[in-house]
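A.B. asks: Pasting in a structure now, in structure tokens, and then I'll have a few things to ask.
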Amino acid sequence: MSLLQKICRVTVQANAYTISRHLSVAQRTLNANSNETTTTTNSNADEEVENINKGGFARAFEKYTAPAAPEELPVDNQSFASMLRHSKFIDLGAAEGKVVSGKIFHVVGDDLYIDFGWKFHCVCTRPARNGSDYVRGARVRLRVKDLELSTKFLGSSKDITILEADCHLLGLISTPTRQSTPRNPTNPTMIAPKIDTLL
């Protein structure tokens, strides 16, 4: 077979494929019925072409009027041990030395009771500097020393816990007392002018 014949054959096949893509769905199905030797790959291609030729409304109509197939729930065959090993709780690592944020939920004298989202709260003393800002509802930074204070008391063979964590107070994040007062009341340039002075 000469090179010219091969080029003509390839050109004819390419033209036939291009023409079949531009035929309507009905014409393609008639051609498919008359030609019994079509392969399944051509039928899949025809379905894809059919879906491409449909407008957005027709595709949406078919999608929502088709009978609903029951959704299969994912089968989870993981054991508790494997789920715990891959959890965010284990990803935290050792909590000692981590800096966390907490919220003051109770104040007794100079003792601040701070909840930082762990099993037990911690009790820290109120600092001398800016001590009036450490009120209930204030957000603070803490460094965790121990998550549970427990030890053996009076020769006991078992540990006894005092239901508290041991943390070091690092500083203040936000406080309700600072949010309710203006930033610089002594400087009149920082205060907004009254409406009477503008008129």
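The values are calculated or read from the model by the stated rules, or taken from the named source; none is laboratory data. Just so it is clear, the structure is predicted and the values come from calculations on it, not from any experiment. In this analysis, Cβ positions are derived from the backbone assuming ideal geometry, glycine residues included, and neighbour counts consider all displayed protein chains.
A.B. asks: Could you say whether any residue in the range 94-103 is among the β-branched types (Val, Ile, Thr) and either assigned to a strand (DSSP E or B) or surrounded by 10 or more Cβ atoms within 10 Å (Cβ to Cβ) (or both)?
C.D. replies: Pass one, the range 94-103, residues among the β-branched types (Val, Ile, Thr): 99-100.
With the extra rule that they be either assigned to a strand (DSSP E or B) or surrounded by 10 or more Cβ atoms within 10 Å (Cβ to Cβ) (or both), the set shrinks to 99-100.
Checking the range 94-103: at least one residue is among the β-branched types (Val, Ile, Thr) and either assigned to a strand (DSSP E or B) or surrounded by 10 or more Cβ atoms within 10 Å (Cβ to Cβ) (or both).
A.B. asks: Next question. Of the residues 136, 129, 143, which is part of a strand (DSSP E or B) and either among the charged types (D, E, K, R) or loosely packed, with under 12 Cβ neighbours inside 10 Å (or both)? Step through it out loud before you land on a result.
C.D. replies: Working: 136 fails: part of a strand (DSSP E or B); 129 fails: part of a strand (DSSP E or B).
Just one listed residue meets the conditions, 143.
A.B. asks: Okay, next question. Would a scan of the range 61-82 turn up a residue that is surrounded by 11 or more Cβ atoms within 10 Å (Cβ to Cβ), at pLDDT below 85 and not in a loop (DSSP other than H, G, I, E, B)?
C.D. replies: yes
A.B. asks: Filter the range 85-121 down to residues that are modelled with pLDDT of 85 or more and among the hydrophobic types (A, V, I, L, M, F, W, C), then give me how many there are.
C.D. replies: 10
A.B. asks: Taking the range 67-106 only, how many residues are over 21 Å from residue 165 (Cα atoms), of a type in the set (Gly, Ala, Ser) and within 22 Å of the chain's Cα centre (by Cα)?
C.D. replies: Residues meeting the conditions: 2.
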